[in-house]
Amino acid sequence: MRLKRITAPTMQEALERVKRELGPDAVIIGSKTVRSGGLFGFFGKPKVEVTAAVDPAPEAAREPLDLKSREPSTYTQPVITAPELQEIYRELQGMRREVAALVDGTRVKSDRVPLSGALLSVFRRLVDNDIEEETARILVEEVAGDLRQREHDDLAKVHAMLVNKVERLIPVAQETKFDKDGPKVIAMVGPTGVGKTTTIAKLAAVYALSRKKRVALITADTYRIAAIEQLRTYSDIIGVPLTVVYSPEEVQLAIQEHRDADLILLDTAGRNPRNPARMLELRGVIRAAQPNEVHLVISATTKNRDAIEIVDRFEQVRFDRLLITKLDESSTYGMILNALVRAQRPLSYVGTGQDVPEDLEYASASKLAHMIVGDWGSPLELDTTHDTEQHVGYEHPRS
Ligand SMILES: Nc1nc2c(ncn2[C@@H]2O[C@H](COP(=O)(O)OP(=O)(O)OP(=O)(O)O)[C@@H](O)[C@H]2O)c(=O)[nH]1
Ligand SMILES: [Mg+2]
């Protein structure tokens, strides 16, 4: 039996290659989704890996049967001719292929659910922590592949590996570097009420007061009178200038006006990502400002599906970093991983409360990975459907 492993972007393409390379008699004996390229092979595109087997062609396929040479010697006229026999053989081969394809269809599905026992419980815990099922499955499958079978129940080991893998999936943006070529312009965009203005106030305070940088604020949020007042209050307290702009042209003028600053923070109006007209306005502001960095601000309390939609819809505006606020208000953090996987942009800061400026931190991949995986303080409920082995309660590896 000849075995061959084939990787292709889709199952259909993989099957076509199997047919081409191994012939129509090949039987699929396994398939799985693999990822390559991208960060840790994870941000790369999923591919299908198919293992196929083919038997050397039976003699019948190579040479016509010599029925005449067979016993009994009294044989005079064959009931069936060699060409007819060949035809029947071909028909049988065709049926065999169809059956193989049917079996393969079921196999592909069941291969996608190889988790059982401890690993299934771990998978469920990740999904409970709001990690998308597909991501959770890939993570657990990767951990399972890296560990020996008997280590799958060692939850301390599984937890540590998962944290490590999640950590490697969290790209963190480099800190803004200042140079003498003019100010760095950082813009905040995002849905309404996520903490854009508060985060700008926190950054302004940190850079102006602690780092002694020349900071200027620009707000394009003239949508609500209160929004201007909110930022003006911060600018007065921190002691940095604020310019209010009413059009994309005015944004350019304001940036010009503050050309001696080290850092210009541009606040924008919160936008409902489902409102195309408002999103276009915002795009106009960002295009005019040409910021060095655009941070898409998302609250950690956002539902998974909404976070994905926000990421997708803000693509048209432009963003190069994700900034997560209200970490303190959420009890699960899987959404952060989902948004990162979707956005494929690094994380910049995380907001951890309402206090200006102390409740702002640089994103830490390790800290977030622990939060996303969860600390599994309580023993996991083991799934015993497929695995009846007794399980010992899990102790958190850090405790
Ligand atoms: N708990 C918590 N609250 C926050 C955080 N960041 C901002 N907030 C609060 O969220 C509310 C909205 O904050 P804003 O900064 O006005 O939000 P925004 O995105 O500028 O809102 P719009 O300009 O109206 O779109 C305020 O009550 C903030 O104090 C955070 O990290 N944690
Ligand atoms: Mg605001």
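Each value in this text was obtained by applying a stated rule to the coordinates, not by laboratory testing. These figures come from a predicted structure and were not determined experimentally. Here the Cβ positions follow ideal geometry from the backbone for every residue, glycine too, while neighbour counts run over all protein chains shown.
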Next item on the list: Find the residue count for the stretch 139-187, including only residues that are in a strand (DSSP E or B) and touching a Ser or Thr at 6+ places or on another chain (Cβ under 6 Å).
Entry: 1
Note to self: Please count how many residues of the stretch 296-327 are hydroxyl-bearing (Ser, Thr, Tyr) and touching a strand residue (DSSP E or B) at 6+ places or on another chain (Cβ under 8 Å).
What the structure shows: 2
Next item on the list: State all residues of the stretch 193-241 that are over 20 Å from Ala288 (Cα atoms), of a type in the set (Gly, Ala, Ser) and over 35 Å from the mean Cα position of the chain (by Cα); if no residue qualifies, say none.
Entry: Ala208, Ser210, Ala226, Ser235, Gly239
Margin query: Being within 16 Å of ligand 2 (Cβ to nearest atom), in contact (Cβ under 8 Å) with a residue 24 or more places away in the chain and among the small types (Gly, Ala, Ser) is true for just one of Ala201, Ala208. Which residue is that?
Written below: Ala201
Note to self: So in the stretch 281-292, with the set limited to residues that are in contact (Cβ under 8 Å) with a residue 24 or more places away in the chain and not in a loop (DSSP other than H, G, I, E, B), which one is nearest to Asp181 (Cα to Cα)?
What the structure shows: Ala289
Next item on the list: Go through the stretch 284-310 and count every residue that is under 26 Å from Leu263 (Cβ atoms) and away from ligand 1 (no atom under 14 Å from the Cβ).
Entry: 10
Notebook entry, point to check: Across the stretch 8-30, what is the total count of residues that are of a type in the set (Gly, Ala, Ser) and under 18 Å from Pro46 (Cβ atoms)?
Noted result: 3
Checklist line | Considering residues of the stretch 254-271 that are hydrophobic (A, V, I, L, M, F, W, C) and assigned to a loop (DSSP other than H, G, I, E, B) only, the residue farthest from ligand 2 (Cβ to nearest atom) | finding: Ala261
Item checked: Tally, over the stretch 202-230, of residues that are in a helix (DSSP H, G or I) and under 20 Å from Thr176 (Cβ atoms) -> 9
